[in-house]
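Please read the structure below before turning to the comments.
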Amino acid sequence: DIPGSPPQGLKKNSRKGREMPAAGATPLLDEYVEFSPAPMRRYYTAPTQWYIPAEALSKRPWRFAAAAIAVSAALVVVLTVVPALSTLGAHVSEHVRGEGLAGAQGGDAVSEVEEIRLEAAAYDVAKVDWGSLQSDLRAFVQACECAPILVRLSWHDSGTFNASDGTGGSHAEQRFPTGEAQDPANAGLGVARAFLRSFKERYPVVGFADLWALAATVAIAASGGPLVPFRAGRVDGAKVAAVPHGRLPNGALGASHLRTVFYRMGFDDEDIVVLSGAHTLGRCHADRSGFEGPWTHEPLRFDNEYFKDLLSCEWKPSLAPTTSQPQFACESMPGLMMLSTDVSLVTDTDFRKYVERFAADQAAFFAAFVKAFKRLQENGHQELREVGI
């Protein structure tokens, strides 16, 4: 229903199969319109309508005639100006609405705010205070202990890239309520997107894709990992540019699947192993992937423990406690888990040699990770710029 009490001289009646208007009532227009002493506002929220009693119309015909003219003028603007704007190629970005997924610690659901804006092709990176943004992100990551999900957001934004045709990559397509945001592989990432909304509001010039990429590099460094160089200038994609679901890894599959996904982006076997090392951060959640549990004993620290655990344990088939999803467990390390894709890194001989190298040498892991993760975030972007951070 239209909020508030009926304005003076008007009565509210139901329509469309419900109680008919009072006798003599005249519908103003076939829309839901409210007249009041304040400027006119239009509502489209319920199957009700304000009607003008015939006696009121006869007493003050000039007032209602003027109002009808104003409404008609407004409709002309809507029917002519708005289509004209769309012919100029402006894209309407509907920012994700009310995803309401619980946080990593089982907190309250997070609702994302819907906002509509005209989307430019690019933005002026020189207008962003990158040093302040980086500092604010670092303070936030240290306080919220949410580094893993910020890294996952950037990785899943970037990991859709296809080197053969240039589609996908880090264009922040998940900010739309449909398309990539609905890919099952991205379940739960509404939490990360909501976390970063406040930074977009404080630094409105920065693009979403750049913001998500920077947040991930800050999260890695704040967790004890290497500093991944950051360059800015990613172009936020249009809604129509979302890629089909299925380009991201499926943890229930094995080595051939990993090669299919990563080779498509132009990576090799060493890159596959080193980027998998990001599993040293975070854990799986039953309400998101169906898998359950952390990979390491300290899921908020970025180090090479993931590789050490892969080699030091006999990982046997198991089931996720809540969903019975197939995963792997180790008797000597209760509480930890690995996915089929993780275990394939030690059962595949070409992968295993890199696992052994990174388990023995954390510095080698960090150096290789910096190179691969920077490339992951920059795939498909030809004109990125150094911004002094």
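The values are calculated or read from the model by the stated rules, or taken from the named source; none is laboratory data. Just so it is clear, the structure is predicted and the values come from calculations on it, not from any experiment. As a convention, Cβ positions derive from the backbone with ideal geometry for all residues, glycine included, and neighbour counts pool all protein chains shown. Side chains included, ligands, DNA and RNA excluded: accessible areas come from the protein's heavy atoms. Shrake-Rupley method; radii C 1.70, N 1.55, O 1.52, S 1.80 Å.
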Practice task
Being assigned to a loop (DSSP other than H, G, I, E, B), more than 14 Å from the chain's Cα centre (by Cα) and in contact (Cβ under 8 Å) with a residue 60 or more places away in the chain is the filter; apply it to region 194-220 and report the residue that is surrounded by the fewest Cβ atoms within 10 Å (Cβ to Cβ).
Solution key: V205
Handout entry: Some residue of region 344-352 being out of contact with any Ser or Thr (no Cβ under 9 Å at 6 or more places or on another chain), in a helix (DSSP H, G or I) and open to solvent by less than 30 Å² (accessible area, probe 1.4 Å)
Key = yes
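Here are some residues: R259, R247, R234. Which one is within 20 Å of S164 (Cα to Cα), among the basic types (K, R) and over 24 Å from the mean Cα position of the chain (by Cα)?
Numbers: R247 fails: over 24 Å from the mean Cα position of the chain (by Cα); R234 fails: over 24 Å from the mean Cα position of the chain (by Cα).
So the residue among R259, R247, R234 that is within 20 Å of S164 (Cα to Cα), among the basic types (K, R) and over 24 Å from the mean Cα position of the chain (by Cα) is R259.
Anything in region 107-143 that is of a type in the set (A, V, I, L, M, F, W, C), at pLDDT 95 or above and outside any loop (DSSP other than H, G, I, E, B)? List them, or say none. So that I can check it myself, show each step before the final result.
Quick first cut of region 107-143, residues of a type in the set (A, V, I, L, M, F, W, C) only: 109-110, 113, 116, 118, 120-122, 125-126, 128, 130, 133, 137, 139-141, 143.
From what's left, at pLDDT 95 or above: 125-126, 128, 130, 133, 137, 139-141, 143.
Hits for region 107-143 are V125, A126, W130, L133, L137, A139, F140, V141, A143.
When region 162-183 is examined, which residues are found to be closer than 23 Å to G290 by Cβ and touching a His at 6+ places or on another chain (Cβ under 7 Å)? Don't jump to the end; show me each part of the working.
To start, the set of residues in region 162-183 that are closer than 23 Å to G290 by Cβ comprises 174, 177-183.
D183 - this is the single residue of region 162-183 that is closer than 23 Å to G290 by Cβ and touching a His at 6+ places or on another chain (Cβ under 7 Å).
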Fill in the blank from the handout: Residues of region 176-192 being open to solvent by less than 10 Å² (accessible area, probe 1.4 Å) and within 17 Å of G282 (Cα to Cα), in sequence order, are N186, G188, L189, G190, V191, A192
Practice task
Could you please tell me which pairs satisfy a Cβ distance under 7 Å, a separation of 6+ or placement on different chains, a first residue in region 361-374 that is in contact (Cβ under 8 Å) with a residue 60 or more places away in the chain, and a second residue that is outside any helix (DSSP H, G or I) and surrounded by fewer than 17 Cβ atoms within 10 Å (Cβ to Cβ)?
Solution key: K374/P229
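Matching residues to (1) under 22 Å from F328 (Cα atoms); (2) in contact with a Phe, Trp or Tyr (Cβ under 6 Å, 6 or more places away or on another chain):
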| residue | (1), (2) |
| --- | --- |
| G224 | no, yes |
| F230 | no, no |
| G233 | no, no |
| A241 | no, no |
| P244 | no, no |
| A255 | yes, no |
| F262 | no, no |
| F267 | no, no |
| E270 | no, yes |
Completion exercise
Going through region 154-171 in order, the residues found to be of a type in the set (F, W, Y) and closer than 9 Å to A213 by Cα are W155
Practice task
Would you check if there is a residue in region 221-242 being assigned to a loop (DSSP other than H, G, I, E, B), surrounded by fewer than 21 Cβ atoms within 10 Å (Cβ to Cβ) and among the charged types (D, E, K, R)?
Solution key: no
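In region 157-175, which residues are crowded, with 22+ Cβ neighbours inside 10 Å and in contact (Cβ under 8 Å) with a residue 60 or more places away in the chain? It would help to see each step written out before you state the result.
Initially, region 157-175 is screened for residues crowded, with 22+ Cβ neighbours inside 10 Å, giving 157-161, 168-175.
Passing the criteria: S158, G159, T160, F161, G168, G169, S170, H171, A172, E173, Q174, R175.
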Fill in the blank from the handout: Counting only helices (runs of 4 or more DSSP H) entirely within region 249-322, those with at least 1 residues that are open to solvent by 30 Å² or more (accessible area, probe 1.4 Å), of a type in the set (K, R) and modelled with pLDDT of 95 or more are 255-264, 305-312
